[in-house]
Amino acid sequence: MSRLRIFVENAPDAPQQTTSDATEIAEELAAIGVGFEQWEASQPVQPGDAPEAIMAAYRDDIDRIVEANGFRSVDVVSIAPDIENPEAVRAKFLDEHFHNEDEVRFFVAGSGLFTLHVEDRVYEILCEAGDLISVPDRMTHWFDMGAEPNFVAIRFFTEADGWVGHFTGTGIATRFPRFDVGAARE
């Protein structure tokens with residue numbers, strides 16, 4: 001189940017607000033310029049399916065997002081627990097950073113934890129299968145795929161070089177909870 005927790009940046013152990021209601025999540029995130037939607041596949045898909053089959057299952061929503069935002073490329077990424085060097089793959093995204101383009105991800109399967117740092121607030125969004133998140137360019141954030149990463153996501157890009165992170169060096173991400181799949185679902 002998707003979840004949003006909102007913290008004050010200096011109180012990482014005490015969320016001020018928690019909700020698993022998709023409408024509330026979308027409203028809270030829209031207030032800071034972040035998009036959140038839930039999609040349903042037009043046909044059954046599962047991890048291991050060909051990228052073309054996965055994108056075909058979400059074609060109407062993909063086309064709508066591409067048209068509205070001018071994305072030039074869309075791909076499917078599959079990360080499984082048996083990937084080589086999962087610690088290094090996970091670490092690549094764990095520090096606070098921003099991008100010069102929107103970071104838009106749709107979770108086909110599995111889950112991940114996006115954490116956004118906006119002014120003196122931290123918004124932690126547990127994204128699961130069916131969730132789309134759109135983080136605006138230059139918004140500081142980090143992403144945790146967990147110790148045993150397991151997700152399939154559709155990614156949208158404006159620039160040919162795709163994901164380029166600009167790291168802030170603040171260290172704030174180390175003070176907030178890491179993604180533990182079991183604990184996140186409790």
Handout entry: Test: T158 is hydroxyl-bearing (S, T, Y) and touching a residue at least 60 places away in the same chain (Cβ under 8 Å)
Key = yes
Fill in the blank from the handout: Flagged in the range 21-38 as among the polar types (S, T, N, Q) and surrounded by 12 or more Cβ atoms within 10 Å (Cβ to Cβ), in numbering order, are Q38
Practice task
Return yes when N69 is surrounded by fewer than 16 Cβ atoms within 10 Å (Cβ to Cβ) and farther than 28 Å from A147 by Cα and no when it is not.
Solution key: yes
Handout entry: Cβ-Cβ under 9 Å pairs, at least 6 apart or on other chains, the range 1-27 side farther than 19 Å from G112 by Cα, far side of a type in the set (K, R)
Key = V8/R121; E9/R121; E9/R175; N10/R175; Q16/R5; Q16/R121; Q17/R5
Problem - Any chance S111 is among the polar types (S, T, N, Q), crowded, with 17+ Cβ neighbours inside 10 Å, over 22 Å from D180 (Cβ atoms) and modelled with pLDDT of 95 or more - result: no
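The values are calculated or read from the model by the stated rules, or taken from the named source; none is laboratory data. The structure displayed is predicted, hence computed values, not measured ones. Note that we place each Cβ from the backbone using ideal geometry, even for glycine, and neighbour counts take in every protein chain shown.
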